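The values are calculated or read from the model by the stated rules, or taken from the named source; none is laboratory data. In this text, all values refer to a predicted model and were calculated from it rather than measured experimentally. Here Cβ is always computed from backbone atoms with ideal geometry, including for glycine, and neighbour counts include all displayed protein chains. The protein model used for the area step is the full one, side chains on, heavy atoms only, and it has no ligands, DNA or RNA in it. Shrake-Rupley method; radii C 1.70, N 1.55, O 1.52, S 1.80 Å.
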4 protein chains.
Amino acid sequence: MAKKVKIGLIGAGRIGRLHGDNIANAVPGAVVEAVADPFLNDATIAWANEMGCTKCYKDAEAIFADPEIDAVFICSSTDTHADYMIAAAKAGKHVFCEKPIDLNLDKIRLAMKACEDAKVKLQVGFVRRFDKNHKAVRDAVASDMMGRPHIVKVTSRDPEEPPMEYVKVSGGMFTDMLVHDFDMARYLSGSEITEVSAYGTVCINEGFKEYDDVDTAIVMLKFESGAIGVIDGSRAARYGYDQRVEVHCAKGCVQDDNVLNSSIKISTVDGVQVEKPNWFFLQRYNDAFIAEVIEFVDCIQNDKEPSVSGIDGLMSVAIAMAAKKSLKEGRAVQISEVL
Amino acid sequence: MAKKVKIGLIGAGRIGRLHGDNIANAVPGAVVEAVADPFLNDATIAWANEMGCTKCYKDAEAIFADPEIDAVFICSSTDTHADYMIAAAKAGKHVFCEKPIDLNLDKIRLAMKACEDAKVKLQVGFVRRFDKNHKAVRDAVASDMMGRPHIVKVTSRDPEEPPMEYVKVSGGMFTDMLVHDFDMARYLSGSEITEVSAYGTVCINEGFKEYDDVDTAIVMLKFESGAIGVIDGSRAARYGYDQRVEVHCAKGCVQDDNVLNSSIKISTVDGVQVEKPNWFFLQRYNDAFIAEVIEFVDCIQNDKEPSVSGIDGLMSVAIAMAAKKSLKEGRAVQISEVL
Amino acid sequence: MAKKVKIGLIGAGRIGRLHGDNIANAVPGAVVEAVADPFLNDATIAWANEMGCTKCYKDAEAIFADPEIDAVFICSSTDTHADYMIAAAKAGKHVFCEKPIDLNLDKIRLAMKACEDAKVKLQVGFVRRFDKNHKAVRDAVASDMMGRPHIVKVTSRDPEEPPMEYVKVSGGMFTDMLVHDFDMARYLSGSEITEVSAYGTVCINEGFKEYDDVDTAIVMLKFESGAIGVIDGSRAARYGYDQRVEVHCAKGCVQDDNVLNSSIKISTVDGVQVEKPNWFFLQRYNDAFIAEVIEFVDCIQNDKEPSVSGIDGLMSVAIAMAAKKSLKEGRAVQISEVL
Amino acid sequence: MAKKVKIGLIGAGRIGRLHGDNIANAVPGAVVEAVADPFLNDATIAWANEMGCTKCYKDAEAIFADPEIDAVFICSSTDTHADYMIAAAKAGKHVFCEKPIDLNLDKIRLAMKACEDAKVKLQVGFVRRFDKNHKAVRDAVASDMMGRPHIVKVTSRDPEEPPMEYVKVSGGMFTDMLVHDFDMARYLSGSEITEVSAYGTVCINEGFKEYDDVDTAIVMLKFESGAIGVIDGSRAARYGYDQRVEVHCAKGCVQDDNVLNSSIKISTVDGVQVEKPNWFFLQRYNDAFIAEVIEFVDCIQNDKEPSVSGIDGLMSVAIAMAAKKSLKEGRAVQISEVL
């Protein structure tokens, strides 16, 4: 068996802990060797110890300096991602970075270049690509049986709007939420997006207006291949996490549906009830979070290229920026305008 | 029982015969009293006789002149609709007119005014409003349980592209095909469309380019109510007639699905097969074609207003024109620009 | 076009009127020429006139004596079926007889023989064979793709228990209700049933006990082919009419599902609701009632044998009697024991 | 946090390794402390070491003698279960025993008594009770919303028949395979089974006849509560593992459906394809295998009674024996006859 990959986890918030737990319990090829978090406290240390990890730091530098460590998981706040990527690359550590890499395209490019120069692996956390349902759609589209894509559709609705304190610093619906869906559209189509036209509106909570944000949006897409597409997004589905994709191709249509809490059906005089979709991403993408780490570890152990790379991180942010611009200026925007 | 409504059928092509057969066999309150068709031949006469109708003319004037006739069904070519409407109204006949009324908004307005002045009923053939599935969606949206609409989605795909001779004279995908979907979006939302942005592309048959047409399109919609929407359309689904609608509202989502040929499921080692959707509109909207005529007859017998009126005919054509303009000019177009 | 088949309708109760309306409105090849009902009243006469039928009698003899009449529909009470069949056959009329033909197997045989001797067509009203969903299952099973049947399953649940006055004279759950399902099992399997074992219980209404009847039953079946099967039946589904079939074969499984009132799905925080199945047989088998008459008329016009014949009527009653005996005696019963 | 439960694993075959891997990777409250297998070899030792377990024995006695060990998992061949249970109980170890405990009811009773006398926990491996879908059905049935059960239905089909060497020693379809379904029927209904009537046939492979076995079976059930039920089983579904349950109650029906490999749907001119069910129990009950161990560990740590106890192990074997007897003797068999 290959040598276990020793991982330094940077940022022990919700997503950092999720990755940590997965590495400890569900990824046989890796261990958490160290944890760094600026707000390190007893609870974090206890959690790390539970995983068998005793190196706990406030400063990520200790991780970069540790020759035992093979790779880092960057799960800190967005504004720190790029700098940590560069530091990690310089220290020769492989990098798994949560999305978005940064909201500034030049910083993303710099960080990507650092990884490239250092010849370390770079994987960006577009976890949805590892969902077995979306993957089955992509596999079918990429096979011979469907012909080329004509229309790509993504539905993306969170169960509930976030608190306004979150909205305030989120960067807006396109960069914070739909960035995943722009990546999904690129993934499903196998083609680059060249132009977007966005409609957005505030239907759920007037508070979004205060932060120049929207809570409901539709974005039309043009692809290099000649296909067109559309994403519809909402901050509040109410019935759970609505994550459906559909690709209409020359020979027919491939689509998936939400993952339900169970397959139960209850029929009474009052109606027929089936289960709601999984509540949110932690439920829906639970297995995908594990699968993406397993791929990352496999890429390190067997010197392969991660399927979700820096360019995916760059492009999805660029598309989100173009969509924002389109909404603001009321016109179609070329991705080349923001690149 | 109310007196039977005597109908004069103008145009005995595919849609005219469909209405004639339905009136004869499935609408107890009405009879086909006369048929007029410029290409009247023995087959048409035989068909009319079979229904118990012996008055067969080449010229529609004979219908307008017949005091026995209460109402006309205008099923002739689009360019004749408005003139027949005006003639019928002047003769005091109620009017059922197939869509679109005309491709010129002023002519539509004139024809509507004629009906209004003559105080005759006017119903336009937006048959999909009478589909029980779409109607169930509208009823749920209009009820208290869902809250106001946020996102309206319509999927509209014909099974196969029409022959190029048809495309040549069709007026283009927006006026010929998506006009139904613009009406559907207005119907589902209960709100007027104020702006559209269209993407269109030729994926299916290069021939569409010759006629300055597209075969694949997506149109974003803005509604007066603040909601937004999107229609995706294709001339060639291949697997049948794809007709799905979805309205995401403040309290959740209402959607319908295609009507399948049967409820059978076959599971073997090769996979699990379910039925395809109904092949095309004659299958899918068979019951709806009957229901719309029953409503029209009821409106005449009981002096009610048809639920699908001239304004619906006017608006859907205006939206189609705006969408065409949006595609051509590469920008969002206000409906007010074309009205 | 073939000469219209002139039909004499015997019995103008619920099922008689259903057939009459279908013949008048939906079966182009036939007309109702006469109606006979011992309780003939003004309402029945008005209904007949509405269909264009002016010959209304109390006594069915007038129908047998009318040389204009080609065929009879026997929709009277069960105890009169066999005698009417014999009289009709002697008069040279083709016979459509509602199920069950009789509860006495010898009387059924006599009536069948009369039809055979007179060389008139005989069709028994097992309407479910004409349901497009069940038919699709049978067609798949009969094709090469599935291999021979191993397990045949039929679920049969009425929406609500009938009134006790009905139960009293119904002949019991097996003969009155499951007789349809015994025929369905024979139809789906393409094989004769040789043995049954029945369990029955009273869960819904204690009143059934008074009439030595059950309201909930399961019957296991053995087929000549070596396959086995099971029917589960209930007098009260509550959520509508539950009519599902399933055939597990050498190469996999074929099944159908209930027909729902629409394809709508409503998702809210309270759950996901889909439509209930059609309420009862008038809704679910509406099209099948028309299809069976069209086949009967076609058999007369083109001298074909009806696909549902007297032997089907005989066997299903015999199986019902065997099931009743099995329940009473607590043992498996060979069909040969009752034949 | 509670002290980790130290487990001695007896039998390192397929099911033993499954439990071992789950304890090591997915059950935070337990560790594999020792492994015993009569065929212990290097591969088994390597596998154990991988889990962090270094105590590897040929003889289970070493496990019973180890004071460090809190509980045993008995995953050896069926004929050894009861003796190991007794030895474990005498040594004061809690017992998780794979099903069936034994094929002799008296031996089961002895083993149960040993656990009772020693006051150790006893859980039997009826893993399906921990499947979230079946559990959702049971929870709905047990709630107020459905009323009392009338009909309990279980469909149980393995994807492919086992090799004949397995069939030879399996004990037959009822004890080997349907024993799970008898437990499921008891679980779903919340009532004891009092009588069974079985039909069985050989449809898949003539080889079953050689071992006096069947490959296709239907068993009717009577419950103490007055409800009735039916299980249909096949050794070869071909399309995957078919595991569906349904409970029809006073107020309506609760059912679940198979778990599919993904939610993808592919529509082309050739038909509409959805995914097959999970292939077999390792896929379908993967999460349930983890859940049952978590419950067992929780019962030890917090002194609760396991929800699946010895009596469940006893009754399901008794019912299987009664079903076998019913098939052989061609009559209904009371469970009391075999107890």
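Numerical summary
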{"item": "Selection status of B:Ile294, touching a strand residue (DSSP E or B) at 6+ places or on another chain (Cβ under 7 Å) and of a type outside the set (Lys, Arg)", "result": "no"}
{"item": "Positions within the stretch B:277-288 being open to solvent by 50 Å² or more (accessible area, probe 1.4 Å) and either away from chain C (no Cβ under 11 Å) or free of Cβ contacts under 8 Å to residues at least 60 places away in the same chain (or both), in sequence order", "result": "B:Trp279, B:Phe280, B:Leu282, B:Gln283, B:Asn286"}
{"item": "Test: residue in the stretch C:25-37 that is open to solvent by 40 Å² or more (accessible area, probe 1.4 Å) and more than 14 Å from chain B (Cβ to nearest Cβ)", "result": "no"}
{"item": "Which listed residue, of A:Val317, A:Val274, is among the aliphatic types (A, V, I, L, M), crowded, with 23+ Cβ neighbours inside 10 Å and more than 9 Å from chain D (Cβ to nearest Cβ)", "result": "A:Val317"}
{"item": "Count - residues of the stretch A:228-269 that are open to solvent by less than 30 Å² (accessible area, probe 1.4 Å), over 24 Å from B:Cys249 (Cα atoms) and at the interface with chain D (Cβ under 7 Å from one of its Cβ atoms)", "result": "8"}
{"item": "Total residues in the stretch C:270-299, condition among the polar types (S, T, N, Q) and either touching an Asp or Glu at 6+ places or on another chain (Cβ under 7 Å) or under 15 Å from C:Asn22 (Cα atoms) (or both)", "result": "2"}
{"item": "Check on D:Asp312, within 21 Å of D:Cys97 (Cβ to Cβ), outside any strand (DSSP E or B) and modelled with pLDDT of 95 or more", "result": "yes"}
{"item": "In the stretch C:202-227, the residues that are open to solvent by 20 Å² or more (accessible area, probe 1.4 Å), closer than 23 Å to D:Val214 by Cα and hydrophobic (A, V, I, L, M, F, W, C)", "result": "none"}
{"item": "Inter-residue pairs, beta-carbon under 7 Å, first within 20 Å of A:Met51 (Cβ to Cβ) and in the stretch D:13-33, second of a type in the set (Phe, Trp, Tyr), 6+ apart", "result": "D:Asn22/D:Phe289"}
{"item": "Out of D:Ser156, D:Ser143, sole residue that is more than 18 Å from D:Asn258 (Cα to Cα) and not β-branched (Val, Ile, Thr)", "result": "D:Ser143"}
{"item": "Condition check for B:Leu327: under 30 Å from A:Ser326 (Cβ atoms), open to solvent by 10 Å² or more (accessible area, probe 1.4 Å) and not acidic (Asp, Glu)", "result": "yes"}
{"item": "Filter result for A:Glu305 (more than 8 Å from every other protein chain (Cβ to nearest Cβ), in contact with a Lys or Arg (Cβ under 7 Å, 6 or more places away or on another chain) and open to solvent by 10 Å² or more (accessible area, probe 1.4 Å))", "result": "no"}
{"item": "Exclusive hit being closer than 24 Å to D:Gly200 by Cβ and either in contact with a strand residue (DSSP E or B) (Cβ under 7 Å, 6 or more places away or on another chain) or basic (Lys, Arg) (or both), set C:Val214, C:Val141", "result": "C:Val141"}
{"item": "Subset of the stretch D:182-201 (residues that are away from chain C (no Cβ under 14 Å) and either part of a helix (DSSP H, G or I) or buried (at least 23 other Cβ atoms within 10 Å of the Cβ) (or both))", "result": "D:Phe182, D:Asp183, D:Met184, D:Arg186, D:Tyr187, D:Leu188"}
{"item": "D:Val214 vs. criteria more than 8 Å from every other protein chain (Cβ to nearest Cβ), in contact with a Leu (Cβ under 8 Å, 6 or more places away or on another chain) and assigned to a loop (DSSP other than H, G, I, E, B)", "result": "yes"}
{"item": "Test: residue in the stretch C:112-128 that is out of contact with any Leu (no Cβ under 7 Å at 6 or more places or on another chain) and within 14 Å of chain B (Cβ to nearest Cβ)", "result": "yes"}
{"item": "Some residue of the stretch C:155-171 being within 14 Å of chain A (Cβ to nearest Cβ), open to solvent by less than 10 Å² (accessible area, probe 1.4 Å), at pLDDT 95 or above and outside any strand (DSSP E or B)", "result": "yes"}
{"item": "Tally of residues being out of contact with any strand residue (DSSP E or B) (no Cβ under 9 Å at 6 or more places or on another chain) and surrounded by fewer than 14 Cβ atoms within 10 Å (Cβ to Cβ) across the stretch C:38-54", "result": "6"}
{"item": "Number of the exception - C:Asp83 against (1) surrounded by fewer than 22 Cβ atoms within 10 Å (Cβ to Cβ); (2) within 30 Å of B:Gly52 (Cα to Cα); (3) among the acidic types (Asp, Glu)", "result": "(2)"}
{"item": "Matching entry among C:Ser307, C:Ser267, C:Ser326, C:Ser316 (being among the hydroxyl-bearing types (Ser, Thr, Tyr) and without any contact (Cβ under 8 Å) to a residue 40 or more places away in the chain)", "result": "C:Ser267"}
{"item": "Index of the failed condition, C:Ala291 passing every other in (1) within 14 Å of chain B (Cβ to nearest Cβ); (2) open to solvent by 50 Å² or more (accessible area, probe 1.4 Å); (3) not in a strand (DSSP E or B)", "result": "(2)"}
{"item": "Matching residues, the stretch B:308-327, being hydroxyl-bearing (Ser, Thr, Tyr) and over 25 Å from B:Glu295 (Cα atoms)", "result": "B:Ser326"}
{"item": "Single unsatisfied condition, C:Gly147 versus (1) more than 16 Å from C:Ala237 (Cβ to Cβ); (2) not in a loop (DSSP other than H, G, I, E, B)", "result": "(2)"}
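Table: residues versus (1) out of contact with any strand residue (DSSP E or B) (no Cβ under 8 Å at 6 or more places or on another chain); (2) without any contact (Cβ under 8 Å) to a residue 12 or more places away in the chain; (3) over 21 Å from B:Asp242 (Cβ atoms).
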| site | (1), (2), (3) |
| --- | --- |
| A:Phe174 | no, no, yes |
| A:Met184 | no, no, yes |
| A:Ile193 | no, no, yes |
| A:Lys209 | yes, yes, yes |
| A:Leu221 | no, no, no |
| A:Ile231 | no, no, no |
